[in-house]
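What follows is a short report on a single structure.
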């Protein structure tokens, strides 16, 4: 938890994870999921690093949503395309991951997508980037959404997690 309101910056997020690592170790993190504001190149680079503890390498598995208009660089030929172009054959409710590594914000990752209905009822693409296990990205991201809606329900009933700080 942070002692401020608003979004965190990369340095603050790295500090939180480094403190977590010193207490519990990165190997205790099953997966990190995040929404579209967590896609900066420094942050993604940090998540992609090998974290060495006791001579064993741990990668933080993550699945982070990106905006629909992101440019993707295909690692195999250095061509730049819109993320949507790689998934233009998807139908409503389908999920697919691109099988090759792409570059987003100067960081190598995997890209997955699904077609969903937006809050307003329009069709939209949902893109997720992952360090590894892209086939599990939709499943993991759904869990994030369940947690977020649970906290929204708690807040709307009067519970405010921020008020529990001492």
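All conditions but one from (1) under 20 Å from residue 140 (Cα atoms); (2) at pLDDT 90 or above; (3) within 20 Å of the chain's Cα centre (by Cα) apply to residue 92; the one that does not is (3). Among the strands (runs of 3 or more DSSP E) confined to region 72-118, the ones with at least 1 residues that are surrounded by 17 or more Cβ atoms within 10 Å (Cβ to Cβ) are located at 95-104, 107-117.
Within the bounds of region 130-150, is there any residue that is within 18 Å of the chain's Cα centre (by Cα), at pLDDT 85 or above, under 20 Å from residue 47 (Cβ atoms) and not in a helix (DSSP H, G or I)? Steps first, please.
Here is the first cut: in region 130-150, the ones within 18 Å of the chain's Cα centre (by Cα) are 130-149.
Checking the rest, the ones that are also at pLDDT 85 or above come to 130.
With under 20 Å from residue 47 (Cβ atoms) added as a condition, the list becomes 130.
Filter once more, keeping what is not in a helix (DSSP H, G or I): 130.
Checked against the condition, which is being within 18 Å of the chain's Cα centre (by Cα), at pLDDT 85 or above, under 20 Å from residue 47 (Cβ atoms) and not in a helix (DSSP H, G or I), region 130-150 yields at least one hit.
The values are calculated or read from the model by the stated rules, or taken from the named source; none is laboratory data. Here the structure is a predicted model, which is why all the values come from computation and not from measurement. Positions of Cβ are generated from backbone atoms using ideal geometry, with glycine treated the same way; all protein chains shown enter the neighbour counts.
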